[in-house]
Every structure is written in structure tokens, then in C-alpha cells.
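One structure below.
Please treat every number below as a calculation from the coordinates, not as lab data. Predicted, not measured: the structure shown is a model, and the values here were computed from it. Ideal geometry is used to build each Cβ from the backbone, glycine not excepted, and the neighbour counts take in all protein chains shown.
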Amino acid sequence: MASINWHFHHWSGDEETYANPFTLCMNESKSFTAHFRRIGDVDGNEIVNLIDLLYLIAAWGSADHDADFDHNGVVNFMDFLDCLLHWG
């Protein structure tokens, strides 16, 4: 589970996916790492700034997983609000 002000971003390792949860078949030893990002941080630099806000505006209405903080499948006002609330 993500700490406050952070959200799940993706899994890496033997399989790469943005799905959470996801189904896997454990038929051999496998390794996975969960990656989290600060809410509002689109570019992954751990700072929410103007670049993130501009990216959100450009991604508005799309299914861009980097900008969809609430994971509802579309970049919308709630994602924009998250970015503003976590600014700085």
C-alpha cells in the first residue's frame, strides 16, 4: 500500500504492467518490484511543478497512465485537482 501522498505507478521485474492488481502464474521463481510516485508527479522526479500541470492539461481526456492518479481510466478534473493539492 502506498504511503500518504503517493500512488501505485507500475510493476517491474519478470513482467512489466500498470495493472493493479494483476494475475500471474507462479510456475517458477519470479521477481517483482512495485513502483510508486508522488501524487501529482507526472514525470517521476518526485516534485510536483508546472511541468506536471502542463502535462496534465495536454493529456486531458486521455487514458495516459502517468497522469491518471485516481486510476479511473481517464485524465480529468480530479487528477488536475490532485496535482494542485500536492504542488511543491
Spacing of the two label points (7 Å from each Cα toward its C-beta) at T33 and H65, in nm: 1.6
Which of D79, D66 has the fewest Cβ neighbours within 10 Å, and the rest in rising order: D66, D79
Nearest 10 degrees, 0 to 90: helix 50-59 Cα axis against the chain principal axis: 80
Computed over the range 6-85: relative contact order in percent, which uses C-alpha pairs under 8 Å that are six or more apart: 25
